[in-house]
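**Student:** Pasting a structure here, questions to come.
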Amino acid sequence: MTDDTRSEPDPTERRDGGRIPIALRVEYKRVNSFFADYTRNISKGGTFIATAKPLPVGTSFVFELSVPDLGEPLRLKGIVAWRVEGTDATDEQPAGMGIQFRYDDDEDRARVHRVVEALAVAKLGPVVGKKLIDPPVEG
């Protein structure tokens, strides 16, 4: 395994809320080719894109998620935070890349957070969805 790959995300990685298991179609461009893959989960801070050809760690790119009930795809910016090569993939952790969202400003962040919250509520119901996406802060 090279320095820029990991079979699992760093457990100390700070996440913005819980992850919702959900498959959404994601489209992005790499060089002169378009790719269509699927998310495996999503949170307010990022997503995991299952793909046999993950981009290198540190790659910034723009991608679109097809979200049910939205009139058009959700356009997002992200950076590859970690990746799983096909040779390291398991049933629990398939090949792909962990994406950390990048926001233009607070309004852009709020827009993405609203969509993720709506997905959590639609997928898991209002009580569980809100608890997962916005866990109580212990202090």
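The values are calculated or read from the model by the stated rules, or taken from the named source; none is laboratory data. Because the structure is predicted, anything quoted here is derived from the model rather than measured. FYI the Cβ positions are ideal-geometry reconstructions off the backbone, even for glycines, and counts take in every protein chain you see.
**Student:** Given the conditions (1) more than 22 Å from residue 32 (Cβ to Cβ); (2) acidic (Asp, Glu); (3) surrounded by 15 or more Cβ atoms within 10 Å (Cβ to Cβ), which single one is not true for residue 104?
**Tutor:** Every condition holds for residue 104 apart from (3).
**Student:** Just a yes or no: is a residue in region 54-63 under 24 Å from residue 122 (Cβ atoms), touching a helix residue (DSSP H, G or I) at 6+ places or on another chain (Cβ under 7 Å) and of a type outside the set (Gly, Ala, Ser)?
**Tutor:** No, region 54-63 contains no residue that is under 24 Å from residue 122 (Cβ atoms), touching a helix residue (DSSP H, G or I) at 6+ places or on another chain (Cβ under 7 Å) and of a type outside the set (Gly, Ala, Ser).
**Student:** Go through region 36-62 and count every residue that is surrounded by 15 or more Cβ atoms within 10 Å (Cβ to Cβ), of a type outside the set (Ser, Thr, Tyr) and closer than 20 Å to residue 87 by Cβ.
**Tutor:** The number of residues fulfilling the criteria is 8.
**Student:** Sticking with this structure for a sec: Identify, from the list 75, 83, the residue that is closer than 15 Å to residue 116 by Cβ, part of a strand (DSSP E or B) and of a type in the set (Lys, Arg).
**Tutor:** The match here is 75.
**Student:** If I filter region 103-135 down to residues being in contact with a helix residue (DSSP H, G or I) (Cβ under 9 Å, 6 or more places away or on another chain) and outside any helix (DSSP H, G or I), which single residue comes out as farthest from residue 61 (Cα to Cα)?
**Tutor:** 134
**Student:** Ok, one more. Output the residues belonging to region 76-92 that are surrounded by fewer than 18 Cβ atoms within 10 Å (Cβ to Cβ) and within 23 Å of residue 129 (Cα to Cα).
**Tutor:** Across region 76-92, the qualifying residue is only 92.
**Student:** Moving on. Only one residue in 109, 83, 75 is at pLDDT 90 or above and under 16 Å from residue 25 (Cβ atoms), so which one is that?
**Tutor:** 75
**Student:** Scan region 1-10 and tell me whether some residue there is of a type in the set (Asp, Glu) and modelled with pLDDT of 90 or more.
**Tutor:** Checked against the condition, which is being of a type in the set (Asp, Glu) and modelled with pLDDT of 90 or more, region 1-10 yields no hits at all.
**Student:** Considering only residues that are part of a loop (DSSP other than H, G, I, E, B) and touching a residue at least 60 places away in the same chain (Cβ under 8 Å), look in region 29-72 and name the one that is farthest from residue 88 (Cα to Cα).
**Tutor:** Restricting to residues being part of a loop (DSSP other than H, G, I, E, B) and touching a residue at least 60 places away in the same chain (Cβ under 8 Å), the top hit is 44.
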